[in-house]
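See below for the structure under consideration.
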Amino acid sequence: MALEVHIIKKLGNFTLKADFTSNGGCSGILGESGCGKSMFLKCIAGIETPDSGSIVLDGNILFDSEKKINLPPQKRNVGYLFQNYALFPTMTVAENIAAGLKAKKKFLSAKDKESIQKTVQQQIERCRLQGLENHYPSQLSGGQQQRTALARMLAVNPSMIMLDEPFSALDSHLKDAMQQEMQEIISNFPGNILIVSHSRDELYRLCDTLSVMSAGIFIRNGNIKEVFQNPVKTQAAILTGCKNISTAVKCGENMLFLPEWGLTLTPAAPIPDSITHAGIRAHYFHFVRKMISPSDVESTVLSDSGTDNMSYKNINHFQAQIVSLDERPFEFDYYLKTDEGTKTFVWKVHKSADSAFKQGDWLEFFIAADDIMMLV
């Protein structure tokens, strides 16, 4: 099932210019708060109207400014899960689930009522709400409210479903469990699924593809693992969680100088002429050895696992000093600086590595050529 969205809508400080296509599966939209993600969903759902453009779902035109087509929300057959779930407070769980089904008919026959009751029961079982049928939203936990809203959305058999920050209202200890349940519920949905979030972890866990949005524009689209591996755009690298980004200058065909860190590196891929920055994720530094001083450059055998067969002279190795460190519940953040650098960069080490480093220590590292992200 194909979704094609090409719309323009003027917002407060910027203009939403969305060019988006999906051929089914679960697509994530990542972006910081206020970048236009929710507005994008509302335009698809028919809650908001674009200034111009078109929205087509499985060949059906939902909106087309030139053809003067703008279907109302109830005729778009698109399920939308709001951030706050938008349950009816005076209705029970069963009544909330049935609300959308009843809204489709002006008059309910006995056969209609029986069919609605059967569908409601199916969704109660599917979303694990047994025993809560007669509870009101105020009597439910955040996770139960979410499952009720999801059941109400699925009950009307939508062509596609859209989830707007589905875990933002949940306590942190509930998020993992709810993401697992959400994964199970949506895994068999045959149509398009769009999930909007500013949490890269949520989207990485649930989605097949990822679109990164910044100030109303999609700046990177693709397979989710490919987008994280090669964000291409500097802002996309930041939004996907890269902690280390430096300005970059191309030196010849295959050398890259990072002036802020005082490093010259050789990436695996060809360096584009348009490069402006380079990024290295904080877990991608490989420790070689502890040093006495930056002049301590005697030959050594790499200590990282899996590096025994790697040629020492053909890798990106360098020395850096720990200028500060932060201890977190499960890892250490070491802030490093080279002898010639002007800014620090961070190296994240899980506590299971049993590192015993302290401020002032000089360490030697290497960076795999594939782990250098070239950005524009």
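The values are calculated or read from the model by the stated rules, or taken from the named source; none is laboratory data. All figures in this text were calculated on a predicted structure; none of them were measured in a lab. A quick note on method: Cβ atoms are made from the backbone with ideal geometry, for glycine too, and the neighbour counts reach across all protein chains shown. Ligands, DNA and RNA are stripped out before the accessible areas are found, and what is left, the full protein with its side chains, is counted by its heavy atoms. Shrake-Rupley method; radii C 1.70, N 1.55, O 1.52, S 1.80 Å.
One line per residue, one yes/no per condition, for (1) open to solvent by 50 Å² or more (accessible area, probe 1.4 Å); (2) without any contact (Cβ under 8 Å) to a residue 12 or more places away in the chain; (3) closer than 16 Å to Leu163 by Cα; (4) assigned to a loop (DSSP other than H, G, I, E, B):
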site: Cys35; (1), (2), (3), (4): no, no, no, yes
site: Met39; (1), (2), (3), (4): no, no, yes, no
site: Gln83; (1), (2), (3), (4): yes, no, yes, yes
site: Phe88; (1), (2), (3), (4): yes, no, no, yes
site: Ala94; (1), (2), (3), (4): no, no, no, no
site: Phe107; (1), (2), (3), (4): yes, yes, no, yes
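What single numbered condition from (1) assigned to a strand (DSSP E or B); (2) under 19 Å from the mean Cα position of the chain (by Cα) fails to hold for Val56?
(2)
Among the residues of region 324-371, how many are open to solvent by 50 Å² or more (accessible area, probe 1.4 Å) and of a type in the set (Phe, Trp, Tyr)?
Residues that pass the stated criteria total 2.
Against the conditions (1) more than 20 Å from the chain's Cα centre (by Cα); (2) open to solvent by less than 20 Å² (accessible area, probe 1.4 Å); (3) polar (S, T, N, Q), where does Ser27 fall short? Just the number, please.
With (1) more than 20 Å from the chain's Cα centre (by Cα); (2) open to solvent by less than 20 Å² (accessible area, probe 1.4 Å); (3) polar (S, T, N, Q) applied to Ser27, the lone miss is (1).
Condition first: outside any strand (DSSP E or B) and closer than 20 Å to Ser159 by Cα. Now tell me which residues in region 12-33 satisfy that.
Asn23, Gly24
Enumerate the strands (runs of 3 or more DSSP E) found wholly within region 235-280, keeping only those where 3 or more residues are at pLDDT 95 or above.
Details: elements: 244-247, 249-251, 255-258, 263-265, 277-280.
In region 235-280, 244-247, 255-258, 263-265, 277-280 are the strands (runs of 3 or more DSSP E) which contain 3 or more residues that are at pLDDT 95 or above.
Cβ-Cβ below 7 Å, separation at least six or inter-chain, first residue in region 127-143 and of a type in the set (Ser, Thr, Tyr), second open to solvent by 90 Å² or more (accessible area, probe 1.4 Å) and part of a loop (DSSP other than H, G, I, E, B): which pairs?
As it stands, the answer is Tyr136/Pro89; Ser138/Pro89, since those pairs meet every condition given.
Specify the residue that is least open to solvent (accessible area, probe 1.4 Å); the eligible residues are those in region 59-81 that are part of a helix (DSSP H, G or I) and of a type outside the set (D, E, K, R). Full working, then the answer.
So in region 59-81, the residues part of a helix (DSSP H, G or I) come out as 73-75.
Filter once more, keeping what is of a type outside the set (D, E, K, R): 73-74.
Working: Pro73: 58, Gln74: 147 Å².
Of everything passing the filter in region 59-81, Pro73 is least open to solvent (accessible area, probe 1.4 Å).
Regarding region 118-132, can at least one residue be identified that is modelled with pLDDT of 95 or more, more than 23 Å from Val56 (Cβ to Cβ) and touching a Pro at 6+ places or on another chain (Cβ under 9 Å)?
no
Anything in region 20-61 that is of a type in the set (A, V, I, L, M) and closer than 21 Å to Thr209 by Cβ? List them, or say none.
Ile29, Leu30, Met39, Leu41, Ile44, Ala45, Ile55, Val56, Leu57
Scan (1) touching a Leu at 6+ places or on another chain (Cβ under 7 Å); (2) under 16 Å from Gly28 (Cβ atoms); (3) assigned to a helix (DSSP H, G or I) for the single condition Gly143 breaks and write down its number.
(2)
Give just the number: which of (1) of a type outside the set (D, E, K, R); (2) modelled with pLDDT of 75 or more; (3) touching a Lys or Arg at 6+ places or on another chain (Cβ under 8 Å); (4) open to solvent by less than 60 Å² (accessible area, probe 1.4 Å) does Thr300 not satisfy?
With (1) of a type outside the set (D, E, K, R); (2) modelled with pLDDT of 75 or more; (3) touching a Lys or Arg at 6+ places or on another chain (Cβ under 8 Å); (4) open to solvent by less than 60 Å² (accessible area, probe 1.4 Å) applied to Thr300, the lone miss is (2).
Test each condition in (1) open to solvent by 60 Å² or more (accessible area, probe 1.4 Å); (2) closer than 23 Å to Pro72 by Cα for Tyr136 and report the one that comes out false.
(2)
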